[in-house]
1. Convex hull over the alpha-carbon atoms of segment 77-241: what's its volume per residue in Å³?
2. Could you list Val211, Val222, Val71 in order of exposure, starting from the residue whose Cβ has the fewest other Cβ atoms within 10 Å?
3. Give me the angle, in degrees from 0 to 90, between the Cα long axis of helix 50-62 and the longest principal axis of the Cα atoms of the chain, rounded to the nearest 10.
4. Counting helices only, and only those DSSP H runs with n ≥ 4, report the 222 nm mean residue ellipticity of the chain as the sum of -39,500 (n - 2.57) divided by its residues, in deg cm²/dmol to the nearest 500.
5. For Ile273, Ile134, which order do you get if you count the other beta carbons within 10 Å of each Cβ and list the fewest first?
6. Could you list which residues have their amide H under 5 Å from that of Arg73, counting only those 5 or more apart in sequence or on another chain, with H placed in the peptide plane?
7. Give me the one-decimal nm value for the distance between modelled label points at Lys250 and Arg214, 7 Å along each residue's Cα-to-Cβ direction.
8. Of the candidates Gln247, Gln69, Gln110, which one comes out as most mobile in a Gaussian network treatment of the chain with C-alpha springs shorter than 10 Å?
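Please treat every number below as a calculation from the coordinates, not as lab data. Here the structure is a predicted model, which is why all the values come from computation and not from measurement. Glycine gets a Cβ as well: all are built from the backbone with ideal geometry, and neighbour counts include every protein chain shown.
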Amino acid sequence: MNVFRFAPSPNGYLHLGHALSALLNADMARGLSGRLLLRIEDIDAARCRPEFEAAIYEDLAWLGIAWEQPVRRQSAHLADYRAALAKLEALGLVYPSFESRTEMAQLVAQRDANYPWPRDPDGVPHYPGAGKSISAAERTRRMAAEPYALRLDLDAALVRVGALTWSEDGTTIPADPAAWGDVVLARKETPTSYHLSVVVDDALQGITHVVRGRDLYPATSVHRLLQTLLGLPALVYRHHRLLLDTQGNKLAKSTRSTGLRELRAQGVTPAEIRHQVGLDTGLD
């Protein structure tokens, strides 16, 4: 059976961009006689709040979207991410880095002085430190005493896999995980990251189709790599257009003028929301 999911983070109120994604998932699930699941991606304990989670349920119900119970909340499944991380560690594909953000910025600046240091598709510099060269004994000592990030050894990972692709609306897309460098998989205080948790969640929930914003298109390369390394199923992807503000920027949760709660308070109807996001004009 075809299984779709909508997976917001409760770190703010939903806006029109979320409405587009949620409605597309619901429409496609209904059109394919599939299932729609809801996942709450709340691993960021510092920013996620219960009132935002409650508002997600309220906004989706107002839009007329129904989802299956129970809702998967990432914070209740940290053991699943630890298990996946342990598999990658057993393959020798994980190492700790200890540099602070300031230290990494200084290292990047030094390297940029000689030649442009590579950056990932989000514009973040690839890891510039020496974490992979630290001895096992030194790693153990420092991990007990210092903050750290656990990173994927990309070069070693790529040796284990062949050419990777994904299916996007019937087209085969070549994956390019090398563009991301040694991504963070977890931190000392948090046993997972977005990249790790999303592939684990999708597999455990039996997701078959991922419908999400175009901004996450490049991240699919990392997800295909992790799926392959962990022996998880490949999925079908669709990355829809993004809704932009008047300055041409992607909508953010701080954009109150496009917030679903504000629009509802102004008397806007769910049908009008569908029109605003272009779903009654075929602009999906």
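1. Convex hull of Cα atoms, per residue: 130 Å³.
2. Val71, Val211, Val222
3. 40
4. When only DSSP H runs of four or more count, the value is -11000 deg cm²/dmol.
5. Least to most surrounded, the residues fall as Ile134, Ile273.
6. The answer is Ile40.
7. Using points 7 Å along Cα→Cβ, the separation is 1.2 nm.
8. Comparing Gln247, Gln69, Gln110 in the GNM, the peak value goes to Gln247.
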